[in-house]
Number of protein chains: 2
Amino acid sequence: MRSGLTRRPTAVYTRAMTRRFKVAVVGATGLVGREMLRTLEERAFPVSEIVPLASPRSAGMLVRFAGADVEVQPVSEAAFEGVEVALFSAGAGPSREWCPVAAKAGALVVDNSSAWRMDPDVPLCVPEVNLDAARTRPKGIIANPNCSTIQLVVALKPLHDAAKITRIFVATYQAVSGAGAGAVASLEAQQRQLAAGQPIERGALPGILAGNLLMSWKVDPATLYQEEELKMIYETRKIFGDDTIRVSPTTVRVPVVNGHSEAVTIETERAISPEQARALLALAPGVELMDDFAQGIYPQPRDASGKDAVLVGRIRDDLGRAPGAHGLSLWIVGDNLRKGAALNAVQIAEGLLLGR
Amino acid sequence: MRSGLTRRPTAVYTRAMTRRFKVAVVGATGLVGREMLRTLEERAFPVSEIVPLASPRSAGMLVRFAGADVEVQPVSEAAFEGVEVALFSAGAGPSREWCPVAAKAGALVVDNSSAWRMDPDVPLCVPEVNLDAARTRPKGIIANPNCSTIQLVVALKPLHDAAKITRIFVATYQAVSGAGAGAVASLEAQQRQLAAGQPIERGALPGILAGNLLMSWKVDPATLYQEEELKMIYETRKIFGDDTIRVSPTTVRVPVVNGHSEAVTIETERAISPEQARALLALAPGVELMDDFAQGIYPQPRDASGKDAVLVGRIRDDLGRAPGAHGLSLWIVGDNLRKGAALNAVQIAEGLLLGR
């Protein structure tokens with residue numbers, strides 16, 4: 001995994017800023033929180049003061065920002081005083097409790113948990129797709145979608161605009177970093193045990209992931225879908241503003257540290273050829289086309305990790321479509337910690353406050 | 001990986017046999033060839049004489065069968081004299097050359113390569129699905145389907161019979177053992193390098209698979225599909241004897257040593273509930289139902305490796321189906337070396353010669 005060190009430590013100071021913001025990062029010691037700090041810095045977000053917050057357990061730790069070590073404070077009402085931007089990635093429970101507090105204190109709140117995503121008074125935003133939805137926010141809170149959904153809608157938006165997507169089949173190949181730092185450490189320990197021929201211990205994982213696959217998100221007993229799958233259904237509809245889009249998801253954890261992949265087949269109302277899709281995606285914001293499959297060029301999680309762009313390849317006619325129907329298959333890979341979480345949150349703040 | 005040692009060495013001798021067969025295994029030193037020898041032994045196939053054959057490069061090696069070391073002979077016309085059953089797993093080139101020779105010598109030929117699968121005069125057989133198709137074989141050759149296709153059709157056959165499947169979406173999570181012993185050794189070497197933080201070498205793999213995903217089957221330039229994907233389309237249709245079934249496949253190699261997994265969504269002509277599907281699959285030949293997802297029970301590749309049965313779980317309504325349409329999603333895991341290759345070939349011989 002990446003260290004907490006600055007990659008471009010001087011970036012913050014290389015632009016003349018007219019306005020700077022006091023920014024809180026809640027959950028600053030987690031994988032996504034640390035990525036949020038790095039992203040603010042790398043993108044030269046105009047920060048006047050950084051306020052790293054976490055649970056009392058993690059308070060007192062140091063995080064790195066703009067070349068300095070900053071002490072993590074415990075979350076409290078007082079901690080949000082004067083905060084203008086609050087980026088949350090501390091889990092649904094703390095978000096339910098503290099996002100309204102931060103909003104009441106006047107902050108623009110972007111929450112990465114699932115707590116507020118389906119609240120009708122909370123916009124669910126991916127800037128490349130629906131930044132305008134975030135301009136109206138009755139609760140002062142904007143929700144960051146699930147990582148798997150973000151990369152899906154970024155890649156599908158240009159195709160939806162061109163041909164109107166009616167149905168999405170998606171099977172995911174999700175990296176363990178989405179489950180947090182403890183899960184990453186446990187996968188790495190399991191891989192060492194596997195390589196050494198030792199007994200494999202679960203650690204912070206719900207089973208053996210090294211050399212194996214797991215499907216261990218929380219199960220909705222009514223549908224027997226994993227909550228991760230339900231998120232892909234309902235968040236996709238909300239972001240596209242179209243409740244008629246039908247989504248058939250299967251989400252799977254694979255022994256990959258970082259970078260989610262998705263095998264996707266779409267049905268569209270109007271015809272769209274692979275060539276047209278490639279031309280649209282080559283110009284699409286937030287997308288990098290990696291599609292020369294006859295030459296062996298296609299996205300891999302190793303390519304995506306550390307990149308801002310969602311990588312798209314393997315665009316091809318769906319050979320399984322019905323006569324007269326329209327459809328494509330494609331392969332979408334993204335850095336689940338960056339665009340799938342931290343970057344998207346920072347981009348929402350940029351879009352609303354800086355007009356970027 | 002499994003050793004070449006006998007698991008139940010006495011099985012061959014525990015039944016009174018009325019008729020025994022001289023059996024050749026071509027490609028006897030490969031992963032599938034060794035699995036064929038083990039499978040013949042474990043299932044007490046009535047062998048009067050075993051003839052392990054391979055390329056001249058591998059001739060002279062010893063393989064284990066029924067408690068004895070047997071020397072591998074080079075493939076030749078003479079080697080098939082008197083052979084009554086010839087199981088081939090030596091690649092498409094050798095199969096094209098030698099299957100007709102073995103058939104001409106009078107052997108029942110079961111070929112595991114892709115050489116003959118789409119030949120209209122060669123039946124493509126999965127005993128649980130279409131053993132009868134193998135009773136007519138103008139060329140004396142029966143083709144064993146692709147590993148990914150076998151486990152798919154075994155699991156879907158009871159649902160197809162009950163509700164008529166019209167469409168299949170399938171994304172695979174394929175183990176590296178399907179690419180041969182060299183690929184397995186290279187993945188294990190890569191995993192050691194990854195665990196030790198060393199540079200990762202490709203070895204016999206087409207890229208870095210440890211901690212990553214690859215899509216490196218041969219590409220069909222006309223469709224930009226991988227040949228593995230096209231096999232799943234055309235072999236499924238041939239086995240089900242229904243050219244109208246529409247299949248949308250994506251095949252992906254995952255860092256798993258053995259055991260292929262498949263995320264599948266089907267559309268059916270008639271209604272079928274998850275409960276009905278479970279009841280059918282609980283009784284289906286070659287299937288083991290592992291489906292109590294609310295209790296965390298679902299198939300994993302680690303469960304499937306070493307098992308004869310195709311494991312099926314996560315049976316659920318397809319929440320993405322159109323109003324009035326019918327469909328299910330499910331998760332299918334199988335041992336690609338056993339049912340996906342060796343076991344299926346032996347079962348074809350059993351079905352035709354022993355009436356098992």
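The values are calculated or read from the model by the stated rules, or taken from the named source; none is laboratory data. Remember, predicted model here, so these are calculated numbers, not experimental data. Virtual Cβ from ideal backbone geometry, glycine too; neighbours counted across all protein chains shown.
Does B:LEU328 satisfy the criteria of being within 13 Å of chain A (Cβ to nearest Cβ), assigned to a loop (DSSP other than H, G, I, E, B) and either of a type in the set (A, V, I, L, M, F, W, C) or within 21 Å of B:PRO127 (Cβ to Cβ) (or both)? Give the steps one after another, and end with the answer.
Working: within 13 Å of chain A (Cβ to nearest Cβ): yes; assigned to a loop (DSSP other than H, G, I, E, B): no; either of a type in the set (A, V, I, L, M, F, W, C) or within 21 Å of B:PRO127 (Cβ to Cβ) (or both): yes.
Answer is no for this residue.
Taking only the range A:149-188 into account, find how many residues are modelled with pLDDT under 95 and hydrophobic (A, V, I, L, M, F, W, C).
Residues that pass the stated criteria total 2.
Taking the range B:300-321 as the search range and keeping residues that are under 29 Å from A:ARG246 (Cα atoms) and assigned to a loop (DSSP other than H, G, I, E, B), which one is nearest to the other protein chains (Cβ to nearest Cβ)? Break it down into steps so the answer makes sense when it comes.
Going residue by residue through the range B:300-321, those that are under 29 Å from A:ARG246 (Cα atoms) are B:300, B:311-321.
Narrowing further to those that are assigned to a loop (DSSP other than H, G, I, E, B): B:300, B:318-321.
Working: B:GLN300: 6, B:ASP318: 5, B:LEU319: 6, B:GLY320: 3, B:ARG321: 7 Å.
Per the criteria, the residue is B:GLY320.
With respect to the numbered conditions (1) out of contact with any Ser or Thr (no Cβ under 9 Å at 6 or more places or on another chain); (2) surrounded by 19 or more Cβ atoms within 10 Å (Cβ to Cβ), which one is the sole condition not fulfilled by A:VAL247?
(1)
Which of (1) part of a helix (DSSP H, G or I); (2) touching a Phe, Trp or Tyr at 6+ places or on another chain (Cβ under 6 Å) is the odd one out, the single condition A:LEU224 does not satisfy?
(1)
Can you pull out the residues in the range A:265-293 that are among the aliphatic types (A, V, I, L, M) and within 13 Å of chain B (Cβ to nearest Cβ)? Step through it out loud before you land on a result.
Keep residues of the range A:265-293 that are among the aliphatic types (A, V, I, L, M), which gives A:266, A:271-272, A:277, A:279-284, A:287, A:289-290.
Within the range A:265-293, A:ILE266, A:ALA277, A:MET290 qualify.
Quick one: how many residues across the range A:164-215 are touching a Pro at 6+ places or on another chain (Cβ under 8 Å), outside any strand (DSSP E or B) and hydrophobic (A, V, I, L, M, F, W, C)?
6
Can you tell which of A:VAL184, A:VAL110 is touching a Ser or Thr at 6+ places or on another chain (Cβ under 7 Å), closer than 28 Å to A:TYR225 by Cα and not polar (S, T, N, Q)? Break it down into steps so the answer makes sense when it comes.
Values: A:VAL110 fails: touching a Ser or Thr at 6+ places or on another chain (Cβ under 7 Å).
A:VAL184 is the lone residue from the list that is touching a Ser or Thr at 6+ places or on another chain (Cβ under 7 Å), closer than 28 Å to A:TYR225 by Cα and not polar (S, T, N, Q).
For the range A:154-208, enumerate the residues that are β-branched (Val, Ile, Thr) and within 30 Å of A:GLU269 (Cβ to Cβ). If you could, list the steps in order and put the result at the bottom.
Of all residues in the range A:154-208, those β-branched (Val, Ile, Thr) come to A:154, A:165-166, A:168, A:170, A:172, A:176, A:184, A:200, A:208.
The answer is A:VAL154, A:ILE165, A:THR166, A:ILE168, A:VAL170, A:THR172.
I'd like the residue in the range A:331-353 that is modelled with pLDDT under 95 and outside any loop (DSSP other than H, G, I, E, B) and, out of all such residues, is surrounded by the fewest Cβ atoms within 10 Å (Cβ to Cβ).
Filtering the range A:331-353 for residues that are modelled with pLDDT under 95 and outside any loop (DSSP other than H, G, I, E, B), the one surrounded by the fewest Cβ atoms within 10 Å (Cβ to Cβ) comes out as A:LYS339.
Quick check on the range B:208-239: of everything there that is more than 7 Å from chain A (Cβ to nearest Cβ) and β-branched (Val, Ile, Thr), which residue is nearest to A:ILE297 (Cα to Cα)?
Restricting to residues being more than 7 Å from chain A (Cβ to nearest Cβ) and β-branched (Val, Ile, Thr), the top hit is B:THR236.
Got a sec? Which of B:ALA181, B:ALA163 is touching a Lys or Arg at 6+ places or on another chain (Cβ under 6 Å) and either more than 13 Å from chain A (Cβ to nearest Cβ) or among the hydroxyl-bearing types (Ser, Thr, Tyr) (or both)? Talk me through it step by step, then tell me what you get.
Numbers: B:ALA181 fails: touching a Lys or Arg at 6+ places or on another chain (Cβ under 6 Å).
After applying the criteria, what remains is B:ALA163.
Are there any pairs with C-beta distances below 6 angstrom linking a residue in the range A:235-249 that is under 12 Å from A:HIS160 (Cβ atoms) to a residue that is charged (D, E, K, R) and part of a helix (DSSP H, G or I), with the two at least 6 apart or on different chains, and if so which?
Cβ pairs passing all conditions: A:ILE245/A:ARG237.
Would you say A:GLY140 is in contact (Cβ under 8 Å) with a residue 24 or more places away in the chain, at positive phi, out of contact with any Ser or Thr (no Cβ under 7 Å at 6 or more places or on another chain) and more than 14 Å from every other protein chain (Cβ to nearest Cβ)? Can you show your working first?
On the way: in contact (Cβ under 8 Å) with a residue 24 or more places away in the chain: yes; at positive phi: yes; out of contact with any Ser or Thr (no Cβ under 7 Å at 6 or more places or on another chain): yes; more than 14 Å from every other protein chain (Cβ to nearest Cβ): yes.
Yes.
Restricting to the range A:295-321, count the residues that are small (Gly, Ala, Ser), under 18 Å from B:MET232 (Cβ atoms) and surrounded by fewer than 20 Cβ atoms within 10 Å (Cβ to Cβ).
The number of residues fulfilling the criteria is 0.
Based on this model, can you work out whether B:LEU205 counts as more than 7 Å from every other protein chain (Cβ to nearest Cβ), within 24 Å of A:VAL252 (Cβ to Cβ) and surrounded by 22 or more Cβ atoms within 10 Å (Cβ to Cβ)? Step through it out loud before you land on a result.
Working: more than 7 Å from every other protein chain (Cβ to nearest Cβ): yes; within 24 Å of A:VAL252 (Cβ to Cβ): yes; surrounded by 22 or more Cβ atoms within 10 Å (Cβ to Cβ): yes.
Judged against the criteria, B:LEU205 is a match.
Which pairs turn up if I take residues in the range B:288-304 that are in contact (Cβ under 8 Å) with a residue 24 or more places away in the chain and look for partners that are assigned to a helix (DSSP H, G or I) and crowded, with 20+ Cβ neighbours inside 10 Å with beta carbon separation below 7 Å, at least 6 apart in sequence or on another chain?
B:LEU289/B:LEU281
Quick check on B:VAL170: is it within 11 Å of another protein chain (Cβ to nearest Cβ), in contact with a strand residue (DSSP E or B) (Cβ under 6 Å, 6 or more places away or on another chain), β-branched (Val, Ile, Thr) and within 23 Å of B:ALA341 (Cβ to Cβ)? Explain how you work it out, then say what you get.
On the way: within 11 Å of another protein chain (Cβ to nearest Cβ): yes; in contact with a strand residue (DSSP E or B) (Cβ under 6 Å, 6 or more places away or on another chain): yes; β-branched (Val, Ile, Thr): yes; within 23 Å of B:ALA341 (Cβ to Cβ): yes.
In short, yes.
Using the structure shown, decide if B:SER261 is within 30 Å of A:GLN191 (Cα to Cα) and at pLDDT 95 or above. Break it down stepwise before answering.
Numbers: within 30 Å of A:GLN191 (Cα to Cα): yes; at pLDDT 95 or above: yes.
It is true that B:SER261 is within 30 Å of A:GLN191 (Cα to Cα) and at pLDDT 95 or above.
Considering the range A:240-264 alone, what residues qualify as being part of a loop (DSSP other than H, G, I, E, B) and within 7 Å of chain B (Cβ to nearest Cβ)? Step through it out loud before you land on a result.
First, the residues of the range A:240-264 that are part of a loop (DSSP other than H, G, I, E, B): A:241-245, A:251-252, A:254-259.
Residues satisfying the conditions are A:VAL252, A:VAL254, A:PRO255, A:VAL256, A:VAL257.
Quick check on my filter: what residues within the range B:274-295 are within 18 Å of B:VAL129 (Cβ to Cβ) and not acidic (Asp, Glu)? Steps first, please.
Here is the first cut: in the range B:274-295, the ones within 18 Å of B:VAL129 (Cβ to Cβ) are B:277, B:280-289.
Residues satisfying the conditions are B:ALA277, B:LEU280, B:LEU281, B:ALA282, B:LEU283, B:ALA284, B:PRO285, B:GLY286, B:VAL287, B:LEU289.
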